[in-house]
Amino acid sequence: MENQVVDKIRNLTSKLSETLLKPGLIEADENELFRKDIFTELASKGIMGLSLPREFGGSGLPPSAFLAAIQELSYFDPGMAVTISVHSGLCGGVIFRNASEELKKEWLPKIAKGSVIGAYSLTENHAGSDPSSMKTTATWDNGGWIVDGEKMWITSGSVADFSILYANTIKNGENLGISAFLVPHDLKGVSSEKINGKLGMRTSDSSILVFDKVVIHESMMIGSPGKGLSIALEGLDYGRLGISAVSLGIHKAAFDSMVKYAKEREQFGKAIASFQLIQEMITDVAVNLESGLLLFEKAVKKLEDSKKFTKEAAIAKLFTSESAVTASDRCVQVHGGYGYSNEFPAERFYRDSRVLTIFEGTTEVHKLLIGRLLTGMDAFRN
């Protein structure tokens, strides 16, 4: 029954995505435009709340249903898929698993409804792969926290209504470690600057977020003081599955595009799909797609079985992101000169896929993480 529900969500999201996301996509990509109206429309169809609990306005479906939707969204518009993955999967998930009942009751229904947009404010200019080196601070003062710092490469930063923010907490002169907070963006001292000129994922907003003496109430802390890094790292396990789903969506789109073109394009009097080396490229992309799906499904099953899935999520993210880049490259190659032009979507697949091996942890960091999990030895610490 669960598989039937997931298949139904997949099919419905595919139809919805083709109707809403496909029209105007080229213009949105060219103009680096986040289409908030479509985000709102998708929310009205229940996409944002698929895996959020019913008591907080969601549908209460398993993570596999939400991730299936992300794959289908990514097939047409990876930027929108990433935005929704961060909004509901990362932000919604962190609040549900770690926040107080009061914060859950106030914010999760808004997330499910899409009446707000969430951002995950972890990365800094000097703290990317190593979040423990972040410089943003939250200093205790008269029953609240004063936040100072700057976050970088934040998805939805300039369009979001709130952040899940991570900062070093200082109380009575003592550094308590990194803590997590929910910070509304309408507070005094919060500002943003959109990052323009990105290679790909142009339909997803990326921004710098500045917190200048932002005063937040003590009730806005998520979890206990000093527990923020563990909350962030746990969140990244879920985030890796989101990026893996995005990767699979791009991979499938690139595969379908290259097969279609190869069947239609003729050279030397026959379809290029009949050429051995073209078939080799198509086969390699297909094998990687099937392999990635199996790794992804293994990780999701562990999650839904309430087992630790850090290693499986990391392996799935590593493989599917690299494979999506390769698939997009091969798609361009099969299209030949047309692959280098925006007359066909191959060049957009390539641009959108390239960041997959960077965000939610680079390929290199994932190899170190997986190596540590397999050997019990830490390769990148003194």
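Points to keep in mind about this one:
- Per the conditions (1) of a type in the set (A, V, I, L, M, F, W, C); (2) under 28 Å from ALA254 (Cβ atoms); (3) touching a Phe, Trp or Tyr at 6+ places or on another chain (Cβ under 9 Å), the sole criterion not satisfied by PHE162 is (2).
- Region 17-45, residues that are in contact (Cβ under 8 Å) with a residue 40 or more places away in the chain and more than 15 Å from GLY79 (Cβ to Cβ): GLU18, THR40, ALA43, SER44
- Here THR363 meets each of (1) under 15 Å from GLY200 (Cα atoms); (2) touching a helix residue (DSSP H, G or I) at 6+ places or on another chain (Cβ under 8 Å) with one exception, condition (1).
- Tally of residues being outside any strand (DSSP E or B) and in contact (Cβ under 8 Å) with a residue 12 or more places away in the chain across region 161-196: 9
- Some residue of region 293-311 being surrounded by 19 or more Cβ atoms within 10 Å (Cβ to Cβ) and of a type outside the set (A, V, I, L, M, F, W, C): no
- Filter pass, VAL147 being more than 20 Å from the chain's Cα centre (by Cα) and buried (at least 18 other Cβ atoms within 10 Å of the Cβ): yes
- Residues of region 249-289 that turn out to be outside any helix (DSSP H, G or I), small (Gly, Ala, Ser) and either at pLDDT below 95 or out of contact with any helix residue (DSSP H, G or I) (no Cβ under 8 Å at 6 or more places or on another chain) (or both), as a count: 1
- The condition of being surrounded by fewer than 18 Cβ atoms within 10 Å (Cβ to Cβ) and out of contact with any Leu (no Cβ under 8 Å at 6 or more places or on another chain) holds for only one of SER115, SER156, SER207, SER179, that being SER115.
- Those residues of region 153-180 which are among the β-branched types (Val, Ile, Thr) and either at pLDDT below 95 or out of contact with any Asp or Glu (no Cβ under 6 Å at 6 or more places or on another chain) (or both), in sequence order: ILE154, THR155, ILE164, THR169, ILE170, ILE178
- In summary, SER59 fulfils each of the numbered conditions (1) part of a helix (DSSP H, G or I); (2) surrounded by fewer than 22 Cβ atoms within 10 Å (Cβ to Cβ); (3) among the small types (Gly, Ala, Ser) with the single exception of condition (1).
- Looking only at residues of region 228-269 that are in contact with a strand residue (DSSP E or B) (Cβ under 7 Å, 6 or more places away or on another chain) and more than 26 Å from SER328 (Cβ to Cβ), we find that the one that is surrounded by the most Cβ atoms within 10 Å (Cβ to Cβ) is GLY228.
- In region 120-160, the residues that are among the hydrophobic types (A, V, I, L, M, F, W, C), within 25 Å of LYS198 (Cβ to Cβ) and in a strand (DSSP E or B): ALA127, MET152, TRP153, ILE154
- So SER328, is it among the polar types (S, T, N, Q) and under 19 Å from ALA68 (Cβ atoms): no
Each row is one residue, and each column tells you yes or no for (1) of a type in the set (Gly, Ala, Ser); (2) assigned by TED's automatic domain parsing to the domain that holds LYS311; (3) under 21 Å from ALA253 (Cβ atoms).
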{"residue": "VAL334", "(1), (2), (3)": "no, yes, yes"}
{"residue": "TYR338", "(1), (2), (3)": "no, yes, yes"}
{"residue": "SER341", "(1), (2), (3)": "yes, yes, yes"}
{"residue": "LEU368", "(1), (2), (3)": "no, yes, no"}
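- Checked against (1) closer than 21 Å to LYS194 by Cβ; (2) assigned to a strand (DSSP E or B); (3) touching a Phe, Trp or Tyr at 6+ places or on another chain (Cβ under 7 Å), CYS91 passes all but a single condition, namely (2).
The values are calculated or read from the model by the stated rules, or taken from the named source; none is laboratory data. This is a predicted model, so every value here is computed, not measured. Note that we place each Cβ from the backbone using ideal geometry, even for glycine, and neighbour counts take in every protein chain shown.
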